[in-house]
Each structure stands twice: as C-alpha cells, then as structure tokens.
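So the structure is just underneath, and the comments pick up after that.
A short reminder: the numbers here are calculations on the coordinates, not readings from a lab. The shown structure was predicted, so the numbers you read here are calculated from the model rather than taken from an experiment. In this analysis, Cβ positions are derived from the backbone assuming ideal geometry, glycine residues included, and neighbour counts consider all displayed protein chains.
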Amino acid sequence: MGNLHGVASFGLDRRLDFVIITTEANIRPDEGVFPVTDQTYPVELTAPDIEPYRKGNTGVEFVTTFDSGTPGPHVMINAVTHGNEICGAIALDHLLRNDVRPIQGKLSLGFVNWMAYSNFDANAAGDSRFVDEDFNRVWVEDRLDGDEDTAELRRARELRPIFDTVDQLLDIHSMGTYSKALMICNGLDKERRFTRAVNFPAYIMCGSGHIVGKRLIEYTPFNDTANDKVALLVECGQHWAKDTGTAALDTALHFLRAAEAVSPDFFAEHVSDEGRAPAPAEMWDVTDGITAKTDNFAFVEPYIGMEVIAKADTVIAHDGGEPITTPYDDCLLMMPNHKAGAGMRKLRLCKRAG
C-alpha cells in the first residue's frame, strides 16, 4: 500500500464485490500474489438496437455520412470495434436520434463490427468481442490487400475506402476493469496537439499498443507524419458500467467540439454536467508493454489501472517465478489484464510526459 500514490483501497470503489472473486485457496500470502480466478461485472447498460441504421447512406452497411455542403474536414466516430463494448453504440445512437449534423465538412458515424455486436447477450456479456479475430489488429496493408478471409477482414476491406477519406477519427472502446477513462494515441505531435484540444477524458496516453498487428489508429494514413490526419482511441471505463455510457457520449461531444464539427449549442445541450468543463487532461507516455510468458502470471494487488507506483524496482506482479518490477519512479499502470494465459498482453507502463 505504501507504494501507491493517492489510491485508497487500490482505487476500487463501492463495486469492489463485483470486481474480483477469489477463494481462500487462490490467495498465496506467502508469495504476495493475488491470482484472479473469476471476474463478474454487473451489466448496467442496455445495448441499443442499431438495426435502424443498417442501410445508412454510403453504400456500406451501418455507416451514415452527413455533408454540411461547406468546406471542412471529414470527421468520423466509430462504435463497436469490439462487439462486447456497447458504450460507443449508446453514444452514436444518441447522436443519431438527436439529429446531429456537421456545421462544416462531413460527419460519418459507423457501427464498424456490427456482426460481433449483433451477438451481444447481457447474460454472456464478454462473449461477443469478435466473430473470427480482433477487428483492431487487422490494419496491416499486407493483410488488407491479401487473400485471407475472415469476417473482420471482409468488414475492414468494406470500410477502408471510407477511412481513407477521414481526416479526424474517434474510435470508442471500453475496458475490462473499473479503470478511469483514458484517451489513447500513438504520440505523434499532430495527435498530441489534437488530444489537447479535445481535453477529455482526464488522461491522454501516448504510445504503442504493444500488440501483434496494427490498431486502426495505427493504420498508415493516420500514422503518417506528412499529413494532418489524426485517429484517436478512447477507453471509456468498464465495459458495462453505467458511467461508461456517459463517458462515451461526453468524449464524442468533446471530439466533435475540438474538430469544430458541431455547433456550441449542440455540444452544450447534450454534454453531461460532469463533462461540461473538464480540468486540463494529464498526458502520459507509454514506455513499456508487459506480455505474460507463462500461464502463471499474477499481479501482487488487484490493480484496476491508473495506479501510480512511487518507487522504481517495486514488484507489481510475478510471471511464473520471475518478478515484474516498475522500471522508474512514479510509474503509472495502464489497463491491467487479469485474464490468465501465456502470450497475453497484461499491462502497459507509463511515465508522465514532460
């Protein structure tokens, strides 16, 4: 506990009972390791019916584009990149039902992995992440241009011509723990400038996803320093927590405000009281990614994410018999993954940006 800065009870709120369920046999105090055997989260959100948006107006199912008729950027917001992450669908459904329209340029709204989302079941809420593979790992030209055939690759190829015309993209996601919401970018100067303008949620995390493949925000047109195109990814909170739906809509509205895509009146009418006047966001650099080498990876505390560890060389986990330690003072733990499995990304480590 002494190594955590300002994180009472490991940062967990009143919903702790829902977060980590262990049995006495699973806790090994002699090793200081707390392996997670099961996680149960209440589903506090209702997944909206997106079938009315299937036809759209672009020739690509579940994508709708509004053209202001005046010059300006093409701005796009994505929902359901992962089918179990329903907060983005809630945000887009709200915008569409409330007749959002751009005041300049174009605005596109897309339910991108609608196939996985169509399988969402609140009684098995974690089972609909994708159909064949992770949609947010396929954005590599060799795969997009190749002969492989998966549901997600087919959908990516459908959407690619639209993404190629987008100037500013927001990809809405959610997380597996009750972490505070955070914005993610690769850390290019153009992205840092734009995330400062968005200034929501309260944390901006810059750097690699430490994954195999490429996220959509790393797709070449967005990751090119020779243009001004920007793609951002927001993690709005735990997948099905009530506050996550609010964070998704507030982030979408701040993104549209920063892009000058909607009127100040539209923003003011729909943003929550909590999201109305945020303090300056904190910017952090992702320096390291931790991937499990064994099936016996376990954190020493039930971290939920955004905890700051005061001292370098503090043990935060064990991977088999190997201790995992913080590489520097004031190290932030980003998106800890408590699921078992060798080869699985477990954590990203972050340093406060200068």
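The angle separating the long axis of helix 151-163 from the principal Cα axis of greatest extent in the chain is about 50 degrees. Ranked for footprinting exposure by Cβ neighbours inside 10 Å, fewest first, C350, C236 give C350, C236.
Between Rg and the Kirkwood Rh of the chain, both from Cα atoms, what is the Rg to Rh ratio?
Here Rg/Rh amounts to 0.96.
The calculated P(r) of region 256-344, using every Cα pair and 5 Å bins from 0, goes 3, 11, 17, 18, 11, 8, 8, 10, 9, 5, 1, 0 in percent.
Counting neighbouring Cβ atoms within 10 Å and putting the fewest first, the residues E152, E269 line up as E269, E152.
Relative to the first principal axis of the alpha-carbon coordinates of the chain, what is the inclination of helix 189-198, with its axis defined by its Cα atoms, in degrees from 0 to 90 and to the nearest 10? The angle comes out near 80 degrees. Neighbours of D189, meaning other residues whose beta-carbon lies under 14 angstrom from its beta-carbon, give a summed charge of +1 when Lys and Arg score +1 and Asp and Glu score -1.
One quarter of the surface of the convex hull around the alpha-carbon atoms of region 229-293 equals 6.8 nm², the direction-averaged projected area. Computed over region 314-354, the P(r) curve from all C-alpha pair distances, binned at 5 Å from the origin, holds 5, 20, 29, 25, 13, 6, 2, 0 percent per bin. Here region 73-136 is treated as an ellipsoid with the same Cα gyration tensor; its semi-axes, largest first and in whole Å, are 26, 13, 6. Distance between the modelled labels on A226 and T325, one decimal in nanometres: 4.5 nm (7 Å Cα→Cβ projection). Each Lys and Arg Cβ is given +1 and each Asp and Glu Cβ -1; about its Cα centre, the chain then shows a dipole of about 580 debye. Can you give the Rg to Rh ratio for region 95-249, taking only C-alpha atoms and Rh from Kirkwood? Result for region 95-249 is an Rg/Rh of 0.94. Other residues whose C-beta falls under 14 angstrom from the C-beta of G341 contribute a net charge of +2, scoring Lys and Arg +1 and Asp and Glu -1. For region 267-352, applying the loop criterion from DSSP together with a ceiling of 14 other beta carbons within 10 Å to the chymotrypsin sites (Phe, Trp or Tyr not before Pro) yields Y328. Note on D149 and R54: their simple-model spin labels are 2.3 nm apart, each label 7 Å out from Cα toward Cβ.
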